[in-house]
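Worksheet for the structure shown next.
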Amino acid sequence: QVQLVESGGGLVQPGGSLTLSCAASGIIFSSYGLAWYRQAPGKQREFVAQITTGGSTNYADSVKGRFAISRDSAKNTVYLQMNSLKPDDTAVYYCKAFRLLLSYWGRGTQVTVSS
C-alpha cells in the first residue's frame with residue numbers, strides 16, 4: 001500500500017520560513033520523481049516544484065529563488081524548504097510521487113502565511 005504523508009505545515013509570519021516533509025512508503029523511492037503542489041482556497045491545484053530521480057529540479061516562477069526541493073533516499077522523504085514566505089503562499093501543500101503513468105498523492109498539509 002502506497003502512502004505519502006506530509007508534515008511541517010503551520011502558521012508563519014510574512015518573511016518567515018518553513019520546511020515541509022513528505023515521507024513515502026510502499027514504493028521504490030529511488031525510482032520515482034517527486035513533486036510538491038499547492039491549492040489555495042477557491043483556486044485550482046498548482047505545481048510548485050519537482051525533483052527527478054537524478055536530482056534535477058524545476059520550480060514554478062512564483063517560488064523560484066525562495067523555495068528549494070530536496071530528497072533523501074535513506075529516509076524515503078522529500079522536503080520543501082520555503083523561505084521569504086508571502087501571504088500568497090497560503091495553501092494546502094501536497095506531495096506527489098510519479099513514475100511513467102503512475103502517480104500517488106498525499107493528503108496535504110496546511111501552510112498559512114499571515115501576520
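The values are calculated or read from the model by the stated rules, or taken from the named source; none is laboratory data. Keep in mind it's a predicted model, so treat the numbers as computed, not measured. Note: ideal-geometry Cβ built from the backbone for every residue, glycine included; neighbour counts use all protein chains shown. The accessibility values were calculated without ligands, DNA or RNA, using every heavy atom of the protein model including side chains. Shrake-Rupley method; radii C 1.70, N 1.55, O 1.52, S 1.80 Å.
A few remarks follow.
- Among strands (runs of 3 or more DSSP E) entirely within the stretch 42-115, having at least 2 residues that are of a type outside the set (Val, Ile, Thr) singles out 46-51, 57-59, 67-72, 77-82, 91-99, 102-105.
- Any strands (runs of 3 or more DSSP E) falling wholly within the stretch 1-41 and containing at least 3 residues that are surrounded by 12 or more Cβ atoms within 10 Å (Cβ to Cβ) and of a type in the set (A, V, I, L, M, F, W, C): 18-25, 33-39
Residues checked against (1) closer than 21 Å to Gln110 by Cα; (2) touching a residue at least 60 places away in the same chain (Cβ under 8 Å):
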position: Gln39; (1), (2): yes, yes
position: Lys43; (1), (2): yes, no
position: Gln50; (1), (2): yes, no
position: Ser62; (1), (2): yes, no
position: Arg66; (1), (2): yes, no
position: Asp72; (1), (2): no, no
position: Leu80; (1), (2): yes, yes
position: Asn83; (1), (2): yes, yes
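- All of (1) open to solvent by less than 70 Å² (accessible area, probe 1.4 Å); (2) out of contact with any Phe, Trp or Tyr (no Cβ under 7 Å at 6 or more places or on another chain); (3) of a type outside the set (D, E, K, R) hold for Gly65 with one exception: (1).
- The listed residue being over 11 Å from the mean Cα position of the chain (by Cα) and open to solvent by less than 60 Å² (accessible area, probe 1.4 Å), out of Thr57, Thr90, Thr77, Thr53: Thr90
- Of Ser114, Ser103, all but one fail to be surrounded by fewer than 12 Cβ atoms within 10 Å (Cβ to Cβ) and either hydroxyl-bearing (Ser, Thr, Tyr) or in contact with a strand residue (DSSP E or B) (Cβ under 9 Å, 6 or more places away or on another chain) (or both); the exception is Ser114.
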